[in-house]
1. Looking at segment 177-201, I want the residues that are closer than 17 Å to ILE158 by Cα and in contact (Cβ under 8 Å) with a residue 40 or more places away in the chain and have a partner that is aromatic (Phe, Trp, Tyr) and assigned to a helix (DSSP H, G or I) with Cβ atoms under 7 Å, at least 6 apart or on another chain. Which pairs are those?
2. Looking at LYS105, is it out of contact with any Cys (no Cβ under 7 Å at 6 or more places or on another chain), over 30 Å from PRO193 (Cα atoms) and basic (Lys, Arg)?
3. Do we find a residue being modelled with pLDDT under 95, within 13 Å of the ligand (Cβ to nearest atom), within 28 Å of ILE314 (Cβ to Cβ) and not charged (D, E, K, R) anywhere in segment 172-183?
4. Quick one: would you say GLY243 is at pLDDT 95 or above and touching an Asp or Glu at 6+ places or on another chain (Cβ under 6 Å)?
5. Over 31 Å from the mean Cα position of the chain (by Cα) and either of a type in the set (A, V, I, L, M, F, W, C) or closer than 15 Å to ALA318 by Cα (or both): does that describe GLY34?
6. State yes or no: is GLY7 touching a residue at least 12 places away in the same chain (Cβ under 8 Å), part of a helix (DSSP H, G or I) and not β-branched (Val, Ile, Thr)?
7. Within 11 Å of the ligand (Cβ to nearest atom) and surrounded by 15 or more Cβ atoms within 10 Å (Cβ to Cβ): does that describe ALA202?
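The values are calculated or read from the model by the stated rules, or taken from the named source; none is laboratory data. Note that the structure is predicted; figures quoted are calculated from it, not measured. Cβ sites come from the backbone with ideal geometry, for glycine too, and all protein chains shown count toward neighbours.
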Amino acid sequence: MKPVHVGLLGLGTVGGGTFNVLNRNNEEITRRAGRGIRITHAAAREYDAARLPGLDAIQVCDDAFAVVDNPDIDIVVELIGGFEPARELVLKAIANGKHVVTANKALIAKHGNEIFAAAQKKGVMVAFEAAVAGGIPIIKAIREGLSANQIQWLAGIINGTGNFILTEMRDKGRDFSDVLKEAQELGYAEADPTFDVEGIDAAHKLTILASIAFGIPLQFDKVYTEGISKISREDVNYAGEFGYRIKHLGFTRRTDQGIEMRVHPTLIPERRLIANVDGVMNAVLVNADAVGPTLYYGAGAGAEPTASAVVADIIDVARTLTSDPQNRVPHLAFQPGSISDIPILAMEEVYTAYYLRMQVADKPGVMADVTRIIGDAGISIEAILQKEPAPDADKASIILLTHVVQERQMNAAIAKIEALDSIFGAVTRIRLEHLSVT
Ligand code: HSE
């Protein structure tokens, strides 16, 4: 059978990894795919040929549109990242009747509805396994492996850079900026690292996971997003004293009122497996009605782990090239005509537990004032701790954990606490999820 011809757009970290994995494992990949898969063309402005043995055997140019328009290419692999020209290239490739593989989570989260509609109309596939959690085959697991289930919620550590930073801060007491620099040097961080530390990258990935878990359109703009840049070593240490770890979590849950989609730092009981996922590793915990909890763990970033997912998608596409488009696995797991418009809940509607830390005047009655406000708001306290002032300081810290309450109620209570004369500055609030599966 004629080999499948692949055109690679981008030869950076993931593009280079894809080129090398596909070449190195080509014989075994051919045995798996049932036909040869050959990268024949690549487009890249900058690349390091010394890292890409065999590059001289393919045609390399700097015009990605020339690759997309080349009639000899069957599958276009978009590894440029960003919105434009990636969106235009992908839509052009689809219009030209080519299948597309992409690792571009931002593109899928924001423009996926348009891209999948175009692909559906044209009868081509757009595969995006590498867009979420790097090398972990989480899209395939949810879309195919769990397709018998109603998914109830899922929680993911889905940004390797952020997890690497939190882990190094906790374990080695390193500075935020120093660890971020290392993540950039290792090729984990986004081109704009605020995407990692402010939660935008995780929100892109959560958007995709929520869609395939619940059969809803991609709605990036409705994800509540908070990053890790305000997490202090103090909070990491106090969380530890209560038996929790702080992780940057993407969380989505189906409730009777609608779907929660949120990304924020979260206290998780340290006995949970997912609380022990450290460094650049990612994990996604899925709770579904028939199977119960399942946990997926692996490298969430890096050249070859991400290439592993990209190449698996290329193989998948190669295997199903000749199948009837109506009988392929739907892009968003549910048939396009069955995508549901379940509402997405605003953050104020969400129910969760909380960790609160506040700096208070070291004088009688302050603790009573704080606990009265919380009690009057109908919020139940699970644990409370007061830390004495440092020598020569006059401010003490109160740290408390609450039971589950609606965010709206918590906002009102925090506003009242912050209005007390004996409270200094803002109350630090970190959400807490037990991730209990019983
Ligand atoms: N910047 C991303 C991360 C890369 O750190 O997880 C993988 O999507």
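1. Matching pairs, first to second residue: ALA183/PHE164; TYR188/PHE164; ASP201/PHE195.
2. Considered against the rule, which asks whether it is out of contact with any Cys (no Cβ under 7 Å at 6 or more places or on another chain), over 30 Å from PRO193 (Cα atoms) and basic (Lys, Arg), LYS105 comes out as no.
3. First, pick out the residues of segment 172-183 that are modelled with pLDDT under 95: 172-183.
Restricting the remaining residues to those that are within 13 Å of the ligand (Cβ to nearest atom) gives 179-180, 182-183.
Then drop every residue that is not within 28 Å of ILE314 (Cβ to Cβ), which leaves 183.
Within this subset, residues satisfying the condition of being not charged (D, E, K, R) are 183.
Within segment 172-183, one or more residues are modelled with pLDDT under 95, within 13 Å of the ligand (Cβ to nearest atom), within 28 Å of ILE314 (Cβ to Cβ) and not charged (D, E, K, R).
4. So GLY243 passes the test.
5. yes
6. no
7. When the stated conditions are applied, ALA202 passes them.
Per-residue answers, yes or no, for (1) surrounded by fewer than 18 Cβ atoms within 10 Å (Cβ to Cβ); (2) not charged (D, E, K, R); (3) not assigned by TED's automatic domain parsing to the domain that holds PHE116:
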position: LEU321; (1), (2), (3): yes, yes, no
position: PRO330; (1), (2), (3): yes, yes, no
position: TYR354; (1), (2), (3): no, yes, yes
position: ARG357; (1), (2), (3): no, no, yes
position: ASP362; (1), (2), (3): yes, no, yes
position: ILE381; (1), (2), (3): yes, yes, yes
position: ALA393; (1), (2), (3): yes, yes, yes
position: VAL405; (1), (2), (3): no, yes, yes
